[in-house]
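A short write-up of the structure that comes next.
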Amino acid sequence: MTNALGFHPDPQVRVRDLKIGCIGAGMIMAECHLAAYKEAGFTVAAIASRTKAKAEAVATRWGIPKVHNTPEALIVDPSIEVLDIAYPPDQQPALILAALKQPHIKAILAQKPLALTLADAIALRDAAAKAGKVLSVNQNMRYDQSMRVLKEILDGGDLGEIVFAQIDMHAIPHWQGFLAGYDRLTLANMSVHHLDVLRFLFGQPVEITTQTRTDPRTTFEHTDGITVSTLRFASGVLAVSLEDVWSGPRAEGYENDQHITFRVEGTLGVAKGTIGWPTGAASTLTYASQKTTKGKWVTPTWETMWFPHAFVGVMEQLQYAVKTGTPPALSVADNVQTVALIEAGYRSMTEGRTVKLSEISTN
């Protein structure tokens with residue numbers, strides 16, 4: 001939808017009639033996916049999770065007519081046309097492969113990270129292509145309102161040639177319990193948002209340097225707690241992505257200053273803003289351009305937020321791809337390149353050097 005300055009912070013809903021089957025009944029499904037789908041008028045036909053009672057509670061809350069005993073039972077339900085998965089990444093690939101075999105399932109929306117390894121992500125990409133199915137990955141930060149408007153500003157040339165960009169996070173994620181069993185934490189499960197959106201804005205990086213240290217608050221064993229990645233793009237853009245998941249002590253009486261900011265500098269202007277999820281607020285953006293604002297700061301506004309409203313765009317782009325026979329905006333082929341970037345970041349950590357993306361094969 002267009003705001004007063006002519007930008008489109010939220011996408012138009014062009015298709016809403018495909019029957020969705022949801023796998024997972026945790027926070028991200030119950031609070032984000034289903035809230036967005038209700039607002040957009042999408043058709044959620046069934047739900048399943050590891051615990052049927054939890055799925056039943058979520059179904060009652062959102063008016064979902066059918067609850068299956070298991071995810072596998074939902075996948076073979078012939079009424080389901082689109083499969084929406086919000087499940088741990090070690091268990092997600094098997095569900096995707098099972099769904100690709102079902103003739104009634106036209107498209108699959110997978111969670112990110114798509115898989116725990118690049119090899120598994122590539123295998124899923126190729127399996128979907130072989131099956132002729134649409135597989136999309138839920139990189140929902142691309143539908144954050146500030147990122148959509150920033151992309152429009154960049155594409156319009158308002159900032160000129162981009163010189164430098166930064167995402168600066170000082171916020172505490174809610175680490176899901178299953179992450180304690182993995183050997184990868186922040187880069188794969190939090191930085192993935194930022195690294196993917198930098199690809200969305202500037203294309204594929206040519207190299208990445210990532211450094212990390214453990215987070216004192218995270219009690220389970222991990223290597224990548226706080227992470228800092230420097231990326232260089234073919235255009236010459238230099239970018240920094242910082243995920244400070246420590247963000248300082250948290251105790252009674254300690255004032256909370258969690259925040260995420262971003263800044264993009266070009267030869268003709270600057271855009272800067274905030275990502276609102278740490279405080280439950282809408283994201284913001286303000287920019288000044290020698291080309292279009294006479295150097296004055298202009299601030300587009302919107303009423304919607306990343307959580308939950310971005311999830312409307314994520315599901316809509318998938319349904320639109322099915323209806324039109326066109327590739328989804330969030331294609332699995334593109335997402336494999338984000339997984340490759342994550343892989344390069346981990347190699348940089350391990351080997352203590354800058355890693356060129358040309359070293360990471362996605363064939």
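From (1) surrounded by fewer than 16 Cβ atoms within 10 Å (Cβ to Cβ); (2) touching an Asp or Glu at 6+ places or on another chain (Cβ under 6 Å), pick out the condition that doesn't hold for Thr304.
Result: Thr304 passes all but (1).
Please report, ordered by residue number, the strands (runs of 3 or more DSSP E) entirely within the stretch 56-153 with at least 2 residues that are more than 19 Å from Ala45 (Cβ to Cβ).
Counting at least 2 such residues, we get 134-137.
Suppose the filter is surrounded by 18 or more Cβ atoms within 10 Å (Cβ to Cβ), assigned to a loop (DSSP other than H, G, I, E, B), at pLDDT 95 or above and under 19 Å from the mean Cα position of the chain (by Cα); does Asp10 pass it?
Yes: the conditions hold for Asp10.
Can you work out which of the residues in the stretch 287-332 that are among the polar types (S, T, N, Q) and assigned to a loop (DSSP other than H, G, I, E, B) is nearest to Lys19 (Cα to Cα)?
So the residue we want is Thr326.
Among the residues of the stretch 269-286, is there at least one that is of a type in the set (S, T, N, Q), under 24 Å from Met27 (Cβ atoms) and not in a strand (DSSP E or B)?
Looking for residues that are of a type in the set (S, T, N, Q), under 24 Å from Met27 (Cβ atoms) and not in a strand (DSSP E or B), one finds at least one in the stretch 269-286, hence yes.
Output the residues belonging to the stretch 195-251 that are in contact (Cβ under 8 Å) with a residue 60 or more places away in the chain and small (Gly, Ala, Ser).
Ser229, Ser235, Gly236, Ala239, Ser241, Ser247, Gly248
Here's the yes/no breakdown for (1) assigned by TED's automatic domain parsing to the domain that holds Ala281; (2) over 29 Å from Tyr37 (Cβ atoms):
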position	(1), (2)
Ala127	no, no
Gly132	no, no
Gly156	yes, yes
Glu161	yes, yes
His170	yes, yes
Ala188	yes, no
Phe202	yes, yes
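Only one of (1) surrounded by fewer than 16 Cβ atoms within 10 Å (Cβ to Cβ); (2) under 21 Å from Gly313 (Cβ atoms) fails for Thr51. Which number is that?
So Thr51 meets the others, but not (2).
Just the residues that are of a type outside the set (A, V, I, L, M), in contact with a Phe, Trp or Tyr (Cβ under 8 Å, 6 or more places away or on another chain) and farther than 24 Å from Val270 by Cβ, please, taken from the stretch 221-238.
Listed by number, the residues that qualify are Asp224, Gly225.
Quickly run through the stretch 157-211 and pick out the residues that are touching a strand residue (DSSP E or B) at 6+ places or on another chain (Cβ under 8 Å), farther than 30 Å from Gly295 by Cβ and of a type in the set (Gly, Ala, Ser).
Residues satisfying the conditions are Ala171, Ser191.
For the stretch 21-73, which residues satisfy the criterion of being of a type in the set (Asp, Glu) and touching a His at 6+ places or on another chain (Cβ under 8 Å)? Even if it seems obvious, please write down each step before you answer.
Start the filter on the stretch 21-73 by keeping residues that are of a type in the set (Asp, Glu), which leaves 31, 39, 56, 72.
Matches in the stretch 21-73: Glu39 only.
What are the residues in the stretch 215-234 that are loosely packed, with under 15 Cβ neighbours inside 10 Å and under 23 Å from Arg353 (Cβ atoms), if any?
Within the stretch 215-234, just Ala234 meets the criteria.
Of the residues that sit in the stretch 262-280 and are in contact with a Phe, Trp or Tyr (Cβ under 7 Å, 6 or more places away or on another chain) and either without any contact (Cβ under 8 Å) to a residue 12 or more places away in the chain or closer than 12 Å to Ile153 by Cβ (or both), which one is surrounded by the fewest Cβ atoms within 10 Å (Cβ to Cβ)?
Looking at residues that are in contact with a Phe, Trp or Tyr (Cβ under 7 Å, 6 or more places away or on another chain) and either without any contact (Cβ under 8 Å) to a residue 12 or more places away in the chain or closer than 12 Å to Ile153 by Cβ (or both), I get Val270.
What is the one condition in (1) over 22 Å from the mean Cα position of the chain (by Cα); (2) closer than 20 Å to Lys133 by Cβ; (3) buried (at least 16 other Cβ atoms within 10 Å of the Cβ) that Ala86 does not satisfy?
The one condition Ala86 does not meet is (1).
Taking only pairs six or more apart or across chains, which ones have beta-carbon atoms under 7 Å, a first residue in the stretch 347-363 that is hydrophobic (A, V, I, L, M, F, W, C), and a second residue that is part of a loop (DSSP other than H, G, I, E, B)?
Between residues of the stretch 347-363 that are hydrophobic (A, V, I, L, M, F, W, C) and residues that are part of a loop (DSSP other than H, G, I, E, B), the close pairs are Met349/Asp224; Leu357/Gln204.
Which numbered condition in (1) in a helix (DSSP H, G or I); (2) small (Gly, Ala, Ser); (3) buried (at least 24 other Cβ atoms within 10 Å of the Cβ); (4) out of contact with any strand residue (DSSP E or B) (no Cβ under 6 Å at 6 or more places or on another chain) is the only one that Ala25 fails?
For Ala25, the exception is condition (1).
Test of understanding: among Ile96, Ile75, Ile64, Ile80, which residue is buried (at least 19 other Cβ atoms within 10 Å of the Cβ) and under 22 Å from the mean Cα position of the chain (by Cα)?
After ruling out the rest, the residue left standing is Ile96.
The values are calculated or read from the model by the stated rules, or taken from the named source; none is laboratory data. Owing to the predicted nature of the structure, the values given are computational and were not obtained by experimental measurement. Neighbour counts are summed over all protein chains in view; Cβ atoms, including those assigned to glycine, are modelled from backbone coordinates with ideal geometry.
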